[in-house]
1. Take the conditions closer than 25 Å to residue 59 by Cβ and surrounded by fewer than 16 Cβ atoms within 10 Å (Cβ to Cβ) and apply them to residue 129. Does it pass?
2. Would you mention how many residues in region 47-74 are among the small types (Gly, Ala, Ser), touching a residue at least 40 places away in the same chain (Cβ under 8 Å) and over 24 Å from residue 198 (Cβ atoms)?
3. With the requirement that a residue be in contact (Cβ under 8 Å) with a residue 12 or more places away in the chain and open to solvent by 40 Å² or more (accessible area, probe 1.4 Å), what does region 86-96 give you?
4. Where in region 29-111 are there helices (runs of 4 or more DSSP H), lying fully within it, with 1 or more residues that are more than 20 Å from the chain's Cα centre (by Cα) and over 21 Å from residue 124 (Cβ atoms)?
5. Any residue that is among the charged types (D, E, K, R), touching a helix residue (DSSP H, G or I) at 6+ places or on another chain (Cβ under 8 Å) and open to solvent by 30 Å² or more (accessible area, probe 1.4 Å) - is there at least one of those in region 138-155?
6. Let me spell it out: the conditions are (1) modelled with pLDDT of 90 or more; (2) under 19 Å from residue 49 (Cβ atoms); (3) of a type outside the set (Ser, Thr, Tyr), and residue 189 meets all of them except one. Which number is the exception?
7. I'd like to verify a number: residues in region 1-28 that are assigned to a strand (DSSP E or B), at pLDDT 60 or above and surrounded by fewer than 18 Cβ atoms within 10 Å (Cβ to Cβ), how many?
8. Working only within region 112-163, note down all residues that are in a strand (DSSP E or B) and aliphatic (A, V, I, L, M).
Amino acid sequence: CMSALLSVGVVYSLVDAFLLVAQEIIADLKEMAIFILKSFYRATNAKPGKIIFYRDGVSYGQFEAVLTHELAALQEACSELEVGYEPEITFITVQKRHHTRFFPQNQQEGVGKSGNVPAGTVVDQVVVHPTDHDFYLCSHNGIQGTSRPAHYYVLWDDNAMPQDYLQKLTFHLCHLYARCSRSVSIPAPAYYAHLVAYRAKCHMDGAEKEQPSPAAAGGGGRGRGGGGRGRGRGAGRGRGAAAAATADAAVGGLGAAAGSGSASRLTVTVPDLMSTKMYFV
């Protein structure tokens, strides 16, 4: 999910895509970026001069692979829209899966029953990388339990943003989540991307539940009930038909094809995720 900051507020344009199997790389990022940039141009009649990209769900060991593939995809998307169009890009990863916790030295400065650090606490010394640009930001108030700060790692920065400015920008984006009147733990664009991914997963899970069983789809399989241990009379003559689901967000449908014999098809209509937009002013 990429966000565009406008003078009247914030406009979010949401696009979903699939990750490569066993990898944390967005395979269709170039097409997604082109769609987002066109949406930004239609809304503002201008091209963005600076792009700040918050990327969630990346482990430490995949920084180089993600940066190499996805940064190049963003740059290719910009150059494909217009020759010579090269906006400055800042690429930031957001991590919550770590074991770092912070506590106030003075218990009287703690917030809540657990005495957590107040919202807006930034740690960018001592416990961070000695040479890389990273920082911890606890942007939310811990209501229950110990607050877990988000770890931000700047992988690329064409904008050469001062560290204090980037930290303030990140903290301000944590206040733009429409479902909460307080600041949340990660920037709103990353939070909305989580919601889109969860909704897409629900559509996929629902489509898989409505698919026929391998025995029903292919007619094969040796069964102990009903007709004994003979072969089925369906289109497929194997022991079972392998079902594969593919999704086409542009069409807005999910298709499932079954395998070894004649293919049977099940189409489930879902909302068009590519055209889904959310506007907050």
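1. Considered against the rule, which asks whether it is closer than 25 Å to residue 59 by Cβ and surrounded by fewer than 16 Cβ atoms within 10 Å (Cβ to Cβ), residue 129 comes out as yes.
2. 1
3. 88, 96
4. 29-44, 72-81
5. For region 138-155, residues among the charged types (D, E, K, R), touching a helix residue (DSSP H, G or I) at 6+ places or on another chain (Cβ under 8 Å) and open to solvent by 30 Å² or more (accessible area, probe 1.4 Å): absent.
6. (1) is the only condition that residue 189 fails.
7. Adding up the residues that qualify gives 1.
8. The answer is 122, 123, 137, 150, 154, 155.
The values are calculated or read from the model by the stated rules, or taken from the named source; none is laboratory data. Bear in mind the structure is a predicted one, so any value in this text is a computation, not a measurement. Note: ideal-geometry Cβ built from the backbone for every residue, glycine included; neighbour counts use all protein chains shown. The accessibility values were calculated without ligands, DNA or RNA, using every heavy atom of the protein model including side chains. Shrake-Rupley method; radii C 1.70, N 1.55, O 1.52, S 1.80 Å.
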